[in-house]
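Below is one structure, written out as structure tokens; comments come after it.
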Amino acid sequence: MHLTDEQLNEYLDDELIDRAQAELHLSSCDDCTARLTALQALFNEIESLPELALSRDLSAPITRGISRRAAVPAVPHSLRLTVTLQAALAIVAIIFAAPIVMQFISPYLTRIQMPSFVDMFLQMQTQWRIWLDVLSQLQLPAMPEIPVVEVSSLFIMLMVAGISVLWLVGNRLLLRDQNK
């Protein structure tokens with residue numbers, strides 16, 4: 001098996017890992033030795049070429065172009081505020097939805113042996129309820145009671161779809177100037 005061009009280049013640059021094995025192969029293979037000699041002659045010829053001065057220095061425009069592309073654009077304050085508010089709303093929605101989801105799936109959990117993850121989730125829910133009880137004992141200004149309205153699942157799905165569309169449109173409006 002002959003040495004590859006890459007191995008010969010690494011041999012000439014003293015970067016070949018198995019240099020002893022390559023030298024053993026070169027001592028017995030005339031073809032690889034000839035290729036190595038030709039490659040060495042080519043490198044010597046390239047190194048002997050005179051340095052030529054460029055008629056025009058292109059480094060400044062290229063450097064400016066690279067630095068312009070590499071610069072990280074500043075994130076507008078409104079975008080940071082929107083992302084932060086969206087993340088906070090998502091966390092609040094998950095926190096309030098967890099007990100409701102557990103209420104719906106708990107009849108099915110009695111038929112299935114619950115893994116330890118569910119136990120941990122139930123413990124977190126218990127801690128959450130304890131925390132809510134502690135918060136409910138705080139003396140806060142009276143809030144008007146919000147009447148409970150029963151809505152259909154179709155209405156809820158349409159409302160979630162509408163909010164999602166508004167969310168996407170709002171994000172598109174915020175990001176439209178950044179794509180230019």
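The values are calculated or read from the model by the stated rules, or taken from the named source; none is laboratory data. Source: prediction; values computed, not measured. We place every Cβ from the backbone using ideal geometry, glycine too, and count neighbours over all the protein chains shown. Side chains are part of the model used for accessible areas, which takes the heavy atoms of the whole protein and leaves out ligands, DNA and RNA. Shrake-Rupley method; radii C 1.70, N 1.55, O 1.52, S 1.80 Å.
Considering only Pro50, Cys32, Leu8, whose Cα is most displaced toward the positive end of the charge dipole of the stretch 8-58, charges sitting on Cβ of Lys, Arg (+1) and Asp, Glu (-1)?
Farthest towards the positive pole: Pro50.
Given +1 on the Cβ of Lys and Arg, -1 on the Cβ of Asp and Glu, and no further charges, what dipole in debye does the chain carry about its Cα centre, rounded to the nearest 20?
On the way: 12 positive and 19 negative charges, 364 e Å.
Approximately 1740 debye in magnitude.
Working out 0.36 nm times the residue gap between Thr126 and Arg172, then minus their Cα-Cα distance, what length gain in nm do you get to one decimal? Write out the running numbers ahead of the final one.
On the way: separation 46, 0.36 × 46 = 16.56 nm, distance 3.96 nm.
Separation in residues times 0.36 nm, less the Cα-Cα distance, equals 12.6 nm.
Could you pull out the longest piece of the chain with no exposed loop GluC sites (Glu not before Pro) in it, calling a site exposed if DSSP puts it outside H, G, I, E, B and it has at most 16 other Cβ atoms within 10 Å? Please report the intermediate quantities before stating the final value.
Numbers: sites that count: Glu15, Glu51, Glu145, Glu150.
Longest run free of exposed loop sites: 52-144.
Report the accessible area of Met124, computed with a 1.4 Å probe over the heavy atoms of all protein chains in place, in Å² rounded to the nearest 10.
120
Amide H of Leu3 versus every other amide H placed in the peptide plane: which residues, excluding those fewer than 5 positions away on the same chain, fall under 5 Å?
So Leu3 has HN proximity to no qualifying residue.
Under DSSP H, which helices of the chain have Cα atoms covering 24 Å or more of the helix axis and a Kyte-Doolittle average no less than 0.5? It would help to have the intermediate numbers written out before the result.
Working: long enough: 30-48 (27 Å, -0.06); 77-109 (46 Å, 1.52); 116-136 (30 Å, 0.36); 153-175 (33 Å, 1.97).
Correct list, ordered by number: 77-109, 153-175.
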